[in-house]
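Structure first, commentary second.
A short reminder: the numbers here are calculations on the coordinates, not readings from a lab. As the structure is a prediction and not an experimental result, all values here were calculated from the model. Cβ placement follows ideal geometry from the backbone for every residue including glycine, while neighbour counts extend to all protein chains displayed.
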Amino acid sequence: MRGRQAVPLRLDSDGRNSYNLGMKTVVSEKGQITIPKPLRVRLGLRTGQVLEVREERGRLVMSKRIPSDPFDKYFGVLKLGRRTDEIMKELRGEYPLK
């Protein structure tokens, strides 16, 4: 590397290459920002990903919103005392094998 000086590798507390050291973004007129690609890749952010945004001690904090299944709240509501397979067999009868 003649004429170039090596840039020291900056590691985070886990000993990994830290992408959050020295990265910057600009807020647009519409209040939009661009998350640098290395961060998007590292965090698995994809187009359309919903982020929760909040302020903590003067800092902007974003985190991925984990989508919830609308049926999760009903899981385990019915206490039938039998396995689902048994109930389905009773309702539908024996399933013919082909």
* **Cα→Cβ-extended label distance, 7 Å offset, between I66 and V27, nm** => 3.0 nm
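Most exposed first by the Cβ proxy, i.e. fewest other Cβ within 10 Å, how do L43, L80 rank?
Ranked by crowding around the Cβ, least crowded first: L80, L43.
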